[in-house]
Structure formats: structure tokens, C-alpha cells
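I have placed the structure first, in the form of C-alpha cells, so that the comments after it can refer back to it.
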Amino acid sequence: TESMDEVLHAIRVIKLFAWEDSFMDKVQKLREKEMLLLRTEGVWAVASSFVWIGSPLLVSLASFAAFTWSGNELKPHIAFTALSLFNVLRMPLFAIPQAINFFIACKTAIGRIHPFLCADEVDPCYFEEELGASDEEEKHPTVVSIKGGE
């Protein structure tokens with residue numbers, strides 16, 4: 001995107017020197033790369049949505065399969081009880097991908113703000129000092145004073 005920004009900002013120069021043809025190839029390659037990234041992002045978004053929406057169903061199917069493959073008989077009272085428990089677990093299962101997204105966003109934010117918070121303090125020589133303050137005033141600065149009172 002930085003290259004596209006440069007091209008857009010320099011469009012007058014490109015037109016002035018008639019460099020459209022040479023920049024057309026560069027812009028086309030950048031567009032193809034961007035479209036590939038957008039397609040990849042779309043595929044990942046669809047896969048993530050499928051897993052997010054289908055996870056409760058997949059968990060219940062996997063649990064029933066493991067139960068029956070372990071040699072147990074899946075009876076209606078067991079199945080319906082398990083389904084009601086899976087229904088109770090549906091919201092926590094929906095919250096797992098969201099919690100992962102929040103964790104990633106938090107880690108990114110911490111990574112961005114950490115250098116700022118760990119930076120050195122501003123050098124005090126850049127601050128203006130009061131001129132003419134006596135040594136006594138520097139040791140014990142006046143916080144509140146009353147003038148003209150009795």
C-alpha cells in the first residue's frame with residue numbers, strides 16, 4: 001500500500017513525464033498481490049466462521065463418537081442429557097474464538113505501547129526553571145499563601 005500511496009501522490013509527475021506505461025506494470029503487480037492477500041484473508045475468514053459456528057456441533061458429534069467407540073451404548077436418556085449439557089456449554093464454546101481474538105489484540109496493543117512506557121524520561125534541562133528563587137524557597141516551596149489577611 002505504501003507503493004500505491006507513492007504512485008497516487010506522484011501522479012502529476014508521472015503524467016508530466018508520460019511515465020504511465022512503466023508505472024502501469026508496477027501498479028498491476030501490486031494490485032495482483034493485494035488481490036491474492038484479500039482472497040487469502042477471505043478464505044481464512046470463512047474457515048474461522050465455519051469453525052466458530054460449527055464447533056458446538058463438532059464437539060457433540062466427537063463426544064458421541066468417542067462414547068460409542070469406547071464400547072458404550074448410546075441410549076436416548078444419555079443422548080438427551082448430553083445434548084442439554086452441550087447446549088449449556090454452547091456459549092463458552094462460542095466465547096473461545098472471541099477470547100483468542102481479544103488475547104491477540106491485547107498482545108498487539110501491549111507490543112505497541114511497551115516501547116513508549118519503557119522510554120527514558122524527558123531530560124529536565126528542557127524545562128524552564130523559575131529565575132530568582134532563593135535556596136530557602138527551593139527547600140520549602142510555598143504551597144498556599146494568604147496576602148492582605150489578618
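Within the stretch 45-75, which residues are within 26 Å of the chain's Cα centre (by Cα), modelled with pLDDT under 90 and open to solvent by 60 Å² or more (accessible area, probe 1.4 Å)?
SER48, PHE50, VAL51, TRP52, ILE53, listed by residue number.
Would you confirm, using the coordinates I've provided, whether LEU30 is open to solvent by 60 Å² or more (accessible area, probe 1.4 Å) and either closer than 30 Å to LEU89 by Cα or under 28 Å from the mean Cα position of the chain (by Cα) (or both)? No.
Look at (1) modelled with pLDDT of 80 or more; (2) surrounded by 11 or more Cβ atoms within 10 Å (Cβ to Cβ) and you find that MET4 fails only one, number (1). Residue pairs whose Cβ atoms lie under 8 Å apart, separated by 6 or more positions or on different chains, with the first residue in the stretch 95-107 and under 14 Å from SER49 (Cα atoms) and the second assigned to a helix (DSSP H, G or I) and open to solvent by 60 Å² or more (accessible area, probe 1.4 Å), are PRO97/SER48; PRO97/VAL51; PRO97/TRP52.
Annotation note: of SER3, SER49, SER22, the sole residue that is under 29 Å from ASN101 (Cα atoms), in a helix (DSSP H, G or I) and among the polar types (S, T, N, Q) is SER49.
For the stretch 20-53, how many residues meet the condition of being without any contact (Cβ under 8 Å) to a residue 24 or more places away in the chain, among the hydrophobic types (A, V, I, L, M, F, W, C) and in contact with a helix residue (DSSP H, G or I) (Cβ under 8 Å, 6 or more places away or on another chain)? Number of matching residues: 2.
Restricting attention to the stretch 102-121, the residues that are closer than 30 Å to ALA47 by Cα and either surrounded by 11 or more Cβ atoms within 10 Å (Cβ to Cβ) or of a type in the set (Gly, Ala, Ser) (or both) total 4.
The values are calculated or read from the model by the stated rules, or taken from the named source; none is laboratory data. Not measured: the values here are computed from a predicted model. Cβ: placed from backbone, ideal geometry, glycine included. Neighbour counts: every protein chain shown. With ligands, DNA and RNA removed, areas are computed over all heavy atoms of the protein, side chains included. Shrake-Rupley method; radii C 1.70, N 1.55, O 1.52, S 1.80 Å.
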